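Have a look at the structure below before the remarks.
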Amino acid sequence: MNRQEAQEILLLYRPGRADEDNPELIEALDLVKHDPELAKWFETHCALHHAISAKFKQIDVPAGLKEQILSERKIPSVILWWRRPAVLAAATGVVLLAGLASLWLRPVPRDSFPAFRQWMVRTALRTYTMGLETNDLNQIRAYLAQRSTPADYVLPQSLEKAKGTGCDAMHWHGHGVSMVCFRSGKPLGPGEKSDLFLFVIDRSSVPGAPAGDPPQFTKVNKLMTASWTLGNKVYLLAGNGDEEFLRKFR
């Protein structure tokens, strides 16, 4: 689960009334503990919920309203109570808070670079099948080109010397993404075929991508990532290690 998905789930979260048995909610709340930016967003979400709830509690129910609703059949008679100044003032406060909430709690855009990075790391962490398994980097380029995903990428010299294991042609929001897999030389776990993953996408397809070199290093879930832009391509390298480890291949 990435930050965007967690925000969508937590938008429905109401403090004190959560479904604690919901596995998606449990996963989203767990991500809050490990993602400072998400934690700050979630704190604001809960604070706004409390503020809006407090405003609703300040609305005084007009005396005799229940009896009036039950006795009056004409709609205009029923809704007249909304025109009372005290009710209008409280309702205006609620509307203002709701407007602020829509700005403060706006989820991260789905097509932004942080969303792209989260999604690609999630792809690397889960069980996947490479479209082509080979250590021939020329075959990898040909395979990707045939599937209209970036094949004219430029590999860092150190990464070009690493052992390739295969690739896959992917799509993200309708844009082609090339995933090229490598082995760093470290022992792999059971069933693992790669521990370095390079994702390449056209620069125009990812708003907010790094402007150029040097690369930006960011820990995402269990993987360290390095991201940079070269020419009209955005590169994202992910591996199981720290920043020093990943710098060896960048």
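Laboratory data are not the source of any read-out in this text; all were calculated from the coordinates shown. Quick caveat: nothing in here was measured; it's all calculated off a predicted structure. Heads up, the Cβs are rebuilt from the backbone with ideal geometry, glycines too, and the neighbour counts pull from every protein chain shown.
For the pair Leu230 and Asp30 in one chain, pulling the backbone fully straight at 0.36 nm per residue adds 68.5 nm over the alpha carbon distance. On full extension, the segment bounded by Ser53 and Arg122 gains 21.2 nm, given 0.36 nm per residue less the C-alpha separation. Using the structure shown, list the pairs from Lys163/Lys248; Lys40/Lys233; Lys33/Lys222; Lys193/Lys233 with a Cα-Cα distance above 23 Å, or answer none. Listed pairs above 23 Å: Lys40/Lys233; Lys193/Lys233.
Cβ crowding within 10 Å ranks Ser178, Ser158 as Ser158, Ser178, fewest other Cβ atoms first. A Förster radius of 22 Å, combined with the Cβ-Cβ distance separating Glu244 from Asp202, puts the computed FRET efficiency at roughly 0.15. Between the residues Phe113, Cys167, Ile140, the greatest Cα displacement towards the positive end of the dipole of the stretch 113-174, with unit charges on the Cβ of Lys, Arg, Asp and Glu, is found for Phe113.
Taking the number of Cβ atoms within 10 Å of each Cβ as an exposure proxy, the fewest-first ranking of Cys167, Cys181, Cys46 is Cys46, Cys181, Cys167. Ranking of Asp35, Asp242 by neighbouring Cβ atoms within 10 Å, starting from the fewest: Asp242, Asp35.
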